[in-house]
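Let me begin by presenting the structure, written as structure tokens, before commenting on it.
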Amino acid sequence: VEKAIADIYEWKSHILRSKNQEKARQAVVNCLGENEAFMVADWAMKFLPRKFREGQTDWFGKRGINWHITVTMLKSEESVKFLTHVHIFEQPTPQGGATTGAILVDVVQNIPSVKKVNIWSDNAGCYKSTLTIATLHQELGKKIKSYNFCEAQDGKGACDRKASHIKSAIKRYVNEGNNVTTAHQMKLAIDSQQRGQYRVKVISPVINADDDKVSLKSIPLISMLHNFKFTDNGLQVWRAYDIGQGKLISWNSSIDKKIPVIQLFVHHDWSNTQNATVGSVLVDREDDDGDDEEYDDDNEDTQNDSNDKDTTTEPVPKKRRTISKIFTCPEEGCSRSFKHSSSLDKHSMLGNCNVKEEKLSLADRTKVLYAQKLEDGNLGVSFTKQSDNNNNAATDKINKGWALKVNKPKTIFTQDQKAYYHDKFMIGKTTGRKEDPSKVSEEMRYVLKNGENRFTRSQYLTSQQIASYFSRLVQKEKKIDETDLIATTADSKCSVLKRKVLKECSL
């Protein structure tokens with residue numbers, strides 16, 4: 001029960017942080033100036049090579065292709081333009097902070113008209129790192145204005161939608177009888193199907209081994225920070241958007257020398273399509289959709305019959321059939337709907353939702369009132385009468401900063417826990433039937449020792465914690481001991497000596 005209560009509070013904190021961080025994105029989008037850009041960046045899942053006719057042996061052991069997506073919203077001349085940049089890597093590449101920073105710099109440099117840029121991404125280590133922040137400040141200078149990070153599982157839907165469109169285009173290209181097994185073929189598939197809507201580049205990172213390694217002093221508690229503002233004096237950071245004045249970190253305290261930036265070797269540059277329009281322009285229309293109307297000809301015969309009977313009457317006008325708006329906004333509470341999926345994508349990027357206040361049903365209002373009465377202890381008072389003090393009864397008990405993200409304390413296993421888990425691990429090792437971590441987590445609640453429960457409630461562990469402990473035991477056993485290395489060397493020498501003796505005897 002205690003764990004369930006803690007999980008509910010954590011879930012409520014996550015919802016509140018998501019809503020508050022969404023305000024940061026809304027503030028950036030609504031305050032975009034002339035030639036100012038808002039970028040959403042994300043590493044897409046590795047693309048598995050595909051063939052038109054693929055055998056079973058070709059399916060297994062595939063090595064995915066790394067690719068990165070950046071969706072940019074650029075405001076210029078009272079219009080908003082959307083650009084999509086795709087970076088495909090020729091070889092498997094580690095998705096580190098140095099590579100990610102070089103990609104973001106390359107995207108900004110590809111848009112020469114941009115004067116200020118605001119970046120938005122998830123909390124992956126390659127984005128939220130001191131190296132990435134320092135690279136952007138060094139290479140972009142005054143162009144970089146802010147960098148905001150979304151809450152987990154919220155805020156980077158623009159890149160996910162573009163990734164799904166690109167994968168569908170590649171699938172159509174493969175169904176036409178083509179293979180997509182390399183980065184170059186992947187670029188050809190996107191360019192042929194999307195008609196130049198995306199800017200696709202095939203690159204490889206070039207690391208200069210002669211560059212001196214620069215030690216950067218990491219930003220304190222960077223994993224707890226979500227909002228970064230670049231200023232001349234330093235980097236101003238916040239744990240939550242628009243809460244407090246923030247903390248100013250001077251550039252000299254974290255960057256002492258010039259950082260060597262990874263160079264991107266271009267195998268195939270952006271496509272030079274003259275007829276295709278790269279990007280899409282947002283036109284102000286009602287619900288971002290035109291009034292597409294079609295005429296219904298079902299009553300044509302009836303109209304002809306009526307005209308034969310009475311030629312003096314005016315012809316009956318054709319009925320108009322409008323296209324229904326079938327694409328609704330996925331945000332909870334938004335009432336907007338659209339006729340085309342492209343309009344929905346633009347709406348999701350802008351985030352101008354029409355949220356209406358949810359009206360509680362009679363059953364929900366009854367439950368809320370009953371919960372308040374239970375907390376106040378005034379069950380004898382009629383539910384139809386509410387005192388003014390009951391409205392803030394629940395909020396008065398909440399501590400300040402309860403929704404801020406905190407580091408979870410590390411769980412230290414006791415000797416009794418380690419012995420119990422080690423015995424379960426050895427059972428799976430000796431019998432060949434591995435113990436299920438979920439079953440082990442359930443059994444430890446009822447296991448007895450000297451007629452009493454072996455573990456207390458605070459010592460119960462989840463299946464994920466038990467699985468991690470089993471994994472650590474496996475890695476520990478895989479480590480090669482010094483004696484094993486000596487024995488392996490002796491065996492190799494014996495085998496060499498044996499081959500020499502056999503060779504001499506054969507002569």
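Remarks
- For the stretch 1-19, backbone nitrogen atoms closer than 19 Å to the point 7 Å from residue 464 Cα along Cα-to-C-beta are found at 1-18.
- Between the stretch 29-80 and the stretch 113-170, the Cα center-to-center distance that results, in Å: 11 Å
- If the segment from residue 447 to residue 48 were pulled out straight at 0.36 nm per residue, it would be longer than the present Cα-Cα gap by 139.1 nm.
- Computed over neighbours whose Cβ is under 13 Å from that of residue 121, the net charge equals -2, Lys and Arg +1, Asp and Glu -1.
- Added length on full extension, which subtracts the Cα-Cα distance from 0.36 nm per residue, residue 355 to residue 233: 40.0 nm
- If you plug the beta carbon distance of residue 366 and residue 222 into 1/(1 + (r/R0)^6) with R0 = 51 Å, you get a FRET efficiency near 0.65.
- Estimated FRET transfer efficiency (residue 454, residue 78; beta-carbon r; R0 60 Å; 0.05): 0.25
- Computed extension length for residue 142-residue 335: 65.6 nm, one decimal, from 0.36 nm per residue of separation with the Cα-Cα distance subtracted.
- Residue 19 versus residue 476: modelled label distance in nm, points set 7 Å from Cα along the beta carbon direction: 4.6 nm
- Here is the list for the stretch 1-78: chymotrypsin sites (Phe, Trp or Tyr not before Pro) lying in DSSP coil, each with at most 16 other C-beta atoms within 10 angstrom of its C-beta, are 52, 60.
- The mean sequence separation of alpha-carbon pairs under 8 Å and at least six residues apart, normalised by the residue count of the stretch 1-268, gives a relative contact order of 21 percent.
- Rounded Å value of the spacing that divides the Cα centres of the stretch 217-238 and the stretch 446-467: 42 Å
- FRET efficiency, 1/(1 + (r/R0)^6) with R0 56 Å, evaluated for residue 490 and residue 404 via beta carbons: 0.40
Taken together, the values in this text are just the output of simple stated rules run on the coordinates, not laboratory data. Note that this is a predicted model, so its numbers are computed, not measured. Every residue, glycine among them, receives a Cβ derived from its backbone with ideal geometry; neighbour counts consider all protein chains shown.
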